[in-house]
Amino acid sequence: YIYFFSSKKNKETFMKNPIKYIRQPKPKSAAPVKIAIVGPPKSGKTTVAKKFASAYGLLHLSMGDALRLVLNNQPESELALALKSHLHKGLTVPDELAVQALDVALMNHVCNTTGVVIDGYPVTRKQVNLLESARIIPVKIFELEMDAKEVFRRALLDEESTDRPPYPEHNSSQILAIKNSCYKQHIAEIRTYYKKEHQNWCVIDAFRSKWWVWNKVLQEVQVAVKEIQTYLERIREGKAASIADLCITPKELQHWLGEFGQYCPVSLAEKGELVDCSVTSSLQFAAEFRGHYYKMASQEELDKFLSRPEVYVPPLAPRPLPAPDLLPKRLTAAEVKALFPASAEMQGYCPVTYLDGKQRYEALVPGNMEYSAKYRDKIYLFESEEKLLKFMRLPEKYCNLKLPRKLPPIKEPILLTALPLAGYVEQATTSLIKALSEVGCLKPKFPFLSVKKTALLFVACHLKAYNPRSPAPVRQAYRKRLERFVERCQLLPYLGAAMAGPHLRPLGFESSLRDFLALR
């Protein structure tokens, strides 16, 4: 074999001990990486793209570069002539022709061996659709996030910079405002699409330094490249491989799903649990094996599947997935109502709470229609989301329970207006509660009246004195009346304590006694 070296020093090192370097593990197969960087003007897109080009040899490609490449290298082609016809008229190039030019530029050998960085594209939903039609799907799309205030601040710094190009630039405040406004108008829709369809969108805080941004982007790209290399290597060896960061769409996932659909094969094999992984669109815990996709419940299950996949899929899988009509299905409250007159099993009590509570009387808790499921054509209601998920995992465990003979009394709702007057006032306002609390603490007794009548008069005065809807003069008058009422109630304990011989009575005793007798 002939070996090539990057320097004379490396060649001499190899010649001293060639076996050491020949026996090392072979490098992983090269995986050309295709990434895109978008962001508002002045966010640092071109800086990051140029850094990739200089550090790792990726092709830096903006839409302008793609158009110039076609015009300069293929001037007589049909595409170049169509581009010229628009440019000579002073028109912008239509998105359809621009994407065709980008597709041609991506045929460059550098793109197919090392990779490419697409600078500032796509920026509208239409451009996204055209890229999808041309099957141009970046492995990672980085959004450099920054507000308008920072855009203009950086523009002012650039104007003061001495390192400026000799030609005039389109970076006036008006132009930057229009560019930023157009970008903000479309970016949310683009972000949502790529997050849902390919899960390849990554938001980077562009407020940070350019070194931090570069390191963050590089770290994300390295993880993605490692995932792709590992995937290619394991698939080539006939092993199971993770499909995270491979930009697989929901449609593709659905088409290549294995025998277990979106249920976790590891949980089903080891615990007999039906763990539905369709609740999340993430492919973080998904893997490919023998041309089919499988989703796992967590990293632990994924590691087990990757190490011994043949144990969890047919023909060695210990448990097959039940038929679709035998799988539990979650229902909404509207769907439960639509199934009327069908009634819930166990008279609407939560089967999970009852069984987990050792089938005791106290564990009979009514279910909530918001947490309901259908299993074997029967409806079950559950106390909470947690209990519902537990049933969905192990429906056979909870589906055949029987209620005891003694059940809790049915709690029928009572209308507020159907309550007695005192009950209505107690529930509707705090005024009566305050009055009752005060009469309980004071325990008044009006001279020559019973305790019951005294209490009723006190509560009546208190309600009038503290009624928030009464005018202020009325409340003030009743508060004075309440004070006089309390003073007269205190006559009895005062006279009882002060009653003694004529020479030992305190001053004012005679006056209080006359007041007391006058109340007869």
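The values are calculated or read from the model by the stated rules, or taken from the named source; none is laboratory data. Remember, it's a predicted structure, so these values are computed and weren't measured experimentally. Note that each Cβ is placed from the backbone with ideal geometry, even for glycine, and that neighbours are counted across all protein chains shown. To get the accessible areas, we keep the full protein, side chains included, count just its heavy atoms, and leave off ligands, DNA and RNA. Shrake-Rupley method; radii C 1.70, N 1.55, O 1.52, S 1.80 Å.
Points worth noting:
- Positive dipole terminus of segment 380-487, leading residue within Leu388, Leu463, Val425 (C-beta point charges): Leu463
- When nucleic acids and ligands are ignored and a 1.4 Å probe is applied, Val311 ends up with an accessible area of around 40 Å².
- A simple packing score, the average count of other Cβ atoms within 10 Å per residue, orders the peptides 101-108, 25-32 as 101-108, 25-32, with the highest score first.
- Folded to 0 to 90 degrees: helix 451-465 orientation relative to the chain principal axis, Cα: 50
- Most tightly packed first, judged by the mean number of other beta-carbon atoms within 10 Å of their residues, the peptides 38-48, 10-20 read 38-48, 10-20.
- Segment 1-115 - accessible surface per residue (Å², probe 1.4 Å): 65
- Axis angle, to the nearest 10 degrees, between helix 472-489 and the longest C-alpha principal axis of the chain: 50 degrees.
- Given charges at Cβ of Lys, Arg, Asp, Glu: the chain dipole, positive-most of Ser450, Leu302, Ala286: Ser450
- Coordinate range along principal axes, alpha carbons of the chain, Å, largest first: 132, 70, 58
- When peptides 335-342, 237-244 are sorted by average Cβ neighbour count within 10 Å, with the highest value leading, the order is 237-244, 335-342.
- In terms of its C-alpha gyration tensor, segment 33-224 comes out rounded, because the ratio a/c of the largest to the smallest axis stays below 1.5.
- If you sort Ser267, Ser85 by accessible surface, 1.4 Å probe, largest first, the order is Ser85, Ser267.
- Net charge contributed by nearby residues that have their C-beta within less than 10 Å of Leu389 (K/R +1, D/E -1): +1
- For the chain, the carbon plus sulfur part of the accessible surface works out to 56%, probe radius 1.4 Å.
- Between the C-alpha center of segment 259-309 and that of segment 1-16 there is a gap of 47 Å.
- Taking every DSSP helix (H) stretch of at least 4 residues in the chain, weighting each as -39,500 (n - 2.57) and dividing the sum by the residue count yields a mean residue ellipticity at 222 nm of -15000 deg cm²/dmol.
- Heavy-atom SASA rank of Glu159, Glu487 (probe 1.4 Å, accessible area, largest first): Glu487, Glu159
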